[in-house]
Structures are given as C-alpha cells and as structure tokens.
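Structure record follows, encoded as structure tokens.
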Amino acid sequence: MVALARACYVLRMSPASLEMPYSFNRVLAYAAVAHALVGVGCAVWLLFDARPILGVHPALKPLKFAGSIAAFLATIALVLPMLELKAWQASAMAWVLTLTMIGEMGPIAWQALRGTTSHFNTRGSLDAALWQVMFISIIGATLAMMVLALVASLRPMTLHEAAGPSQRPLGAFMQTAIAAGLWMFQMAAVSGFMMGGRSSHTVGAPDGGPGLPLTNWSTSHGDLRVSHFVALHAVQTLPLLALLIGKLPLGNIAQWGLLSAGIAAHVLAAVWSLGQALAGRPIW
C-alpha cells in the first residue's frame, strides 16, 4: 500500500496536485491488511470441498467481502489524512470504520463456518443477534462516510508527506473525484437498505438461484447487489480515473469533461442497475 501511495504521489499532472499523499492512517491500514489475510484464508478454503450455502461454496461470500472491505479500508486510509479534521476526529473516524467493518465481516465469516447464511438470517437467536450486529455496523459506517463526504465537499483537502511536516493543497480535480466517490457510497447504502428491507437481494425469486461466476449475481432475475457494487467501489474507481485522465495529453477543459463524464457514468450505472433489479430483470 505504501508503494501504491508513492507511485501515485509522483504523478504531478495537470490539473495541478493530482498526487496522493505519502501519509496514511495506520489503524485503517492495519485493518485493511487483516481483512486481506482473511480473504487469503477464504481463498485457500475454496480449494476444499464443503457443503454449499445457497448453491455456492461457503468460502465465496466471506472471500468477496474480505476483499471488498480490504480495498475500502486501504482507500480511506489514504484519503483520511487529506481531510481537514482535528486529530481526535480523524482517529474517531478511523476507529468507527474499523469496528463497523469488523462488525460486518465477523458475522459473515462466522456464519460461513457454521454453514448457514449471514445476511437477513433471523431463524435462531444467535443468527438474529449476528444479523443485528451487521445491520448496526452498516448504519454506523454509512453515517461516518456521510461525514467524510461532507468534509471533502466543504473543506479544502491537503497533502501531507509522512517523512516530514511538508504539506500543500490537493488540487480541485482530484478532490472532486474523491468527494464524488465518497458521496456515491451513500447510493450503495440505498440499495443496501433496500436489501435489508426486503430481507433478500434477489427480486422476483428467492435468493440462491443461478448466478454469474464469482459475483453470483442472478442471471435470471433482478439482483440489488449489482447497483450496490457499482456505487460502493466508486470511492476507488473515480480517484483512479482522475489519475489516468491526468496522464493524457489534454487541456484542463477536456480533462474536466472526461472526469465529469466518468462521474455521470458511475451514477447512471448505479441508477440503471438498481432500476433493472427492481423490475426483476438481470443486467445481462
């Protein structure tokens, strides 16, 4: 992750200050590494036979969540030091996101080991308690991300060098991409709470039907997880898009146009896939 930060840092493209900081939040970084290790364990588990859960290997769901959460925490570990927050505020946000992700990942892994579902499972007292922990964790993470999105939108962001006190403003181009990604997290919450309200992610059939490889998104009915995925990972894809656009030999207006188109495409993809799911249609 440090190597990634260094690689991003040296990209000094136009518009100005596209570079990412050396500094990162250690709490979130350690949590990201821990989830990545959980993902590795799940990948090894996939090599062994096990009784399927809703038609798929029990290791597949915790593997997907561990990878997704690791990427999310690593991203916020890089973004958090750029935000105009007091030290105790940044620390509080780091711990809230770390604990809420543990509250999400722990029950998923535990239920997989037990050979049963995690989301929407209220069949037994333990199942209901674990689902309640997950639900509360999701709410906490959503509220924390809303605060970060507001700060990124209303206050200037600053680059900090880990090796010293040097700091300088982050350019508006990259700040726009980061803020847009943080706000799209709220769109992920919309589809997420829809799934919670329905107690299922499939529309038009019970969960567990035929699905795509790895993601297991339904190939025959609507699936709310598609929109959830698109919105959830905009916090990674939009800043990366800004870095790539900055490498193109284009003027500022063209670069801003491309970034705006990329943000609009993300929003439209999330909204369209949500509409497809609610209509009971698969996206393929």
Residue check, R114 surrounded by fewer than 19 Cβ atoms within 10 Å (Cβ to Cβ) and in contact (Cβ under 8 Å) with a residue 60 or more places away in the chain:
no
Give me the pairs: first residue in segment 255-281 and surrounded by fewer than 17 Cβ atoms within 10 Å (Cβ to Cβ), second residue among the basic types (K, R), beta-carbon distance under 9 Å, and six or more apart or on different chains, which are they?
G275/R281
For segment 260-284, which positions are part of a loop (DSSP other than H, G, I, E, B) and aromatic (F, W, Y)?
W284
What are the residues in segment 210-236 that are β-branched (V, I, T) and surrounded by fewer than 19 Cβ atoms within 10 Å (Cβ to Cβ), if any?
T215, T219
Select from segment 91-111 the residues that are more than 21 Å from A66 (Cβ to Cβ) and buried (at least 18 other Cβ atoms within 10 Å of the Cβ) and list them in ascending order.
M93
Test: A141 is among the hydrophobic types (A, V, I, L, M, F, W, C), out of contact with any strand residue (DSSP E or B) (no Cβ under 8 Å at 6 or more places or on another chain), surrounded by 14 or more Cβ atoms within 10 Å (Cβ to Cβ) and under 30 Å from L258 (Cβ atoms):
no
At pLDDT below 95, in a helix (DSSP H, G or I) and either small (G, A, S) or on the phi < 0 side of the Ramachandran plot (or both): is that true of G257 in this structure?
no
Residue check, P249 against (1) surrounded by fewer than 21 Cβ atoms within 10 Å (Cβ to Cβ); (2) touching a Ser or Thr at 6+ places or on another chain (Cβ under 6 Å), all met but one. Which one?
(2)
Which of the helices (runs of 4 or more DSSP H) contained wholly in segment 1-117 include at least 1 residues that are at pLDDT 95 or above and of a type in the set (A, V, I, L, M)?
26-45, 60-79, 87-114
Looking at segment 218-250 only, could you name the residues that are in contact with a helix residue (DSSP H, G or I) (Cβ under 8 Å, 6 or more places away or on another chain) and farther than 30 Å from T176 by Cβ?
G222, D223
The residue from L63, L46, L73 that alone is among the hydrophobic types (A, V, I, L, M, F, W, C) and more than 20 Å from V230 (Cβ to Cβ) is L46
Report yes if L150 is within 21 Å of the chain's Cα centre (by Cα), without any contact (Cβ under 8 Å) to a residue 60 or more places away in the chain and either surrounded by 18 or more Cβ atoms within 10 Å (Cβ to Cβ) or closer than 27 Å to Q175 by Cβ (or both), otherwise no.
yes
I'd like the full set of residues that are of a type in the set (A, V, I, L, M, F, W, C) and in contact (Cβ under 8 Å) with a residue 60 or more places away in the chain, limited to segment 206-228.
L212, L214, W217
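The values are calculated or read from the model by the stated rules, or taken from the named source; none is laboratory data. All values reported here derive from a predicted model rather than from experimental measurement. Note that each Cβ is placed from the backbone with ideal geometry, even for glycine, and that neighbours are counted across all protein chains shown.
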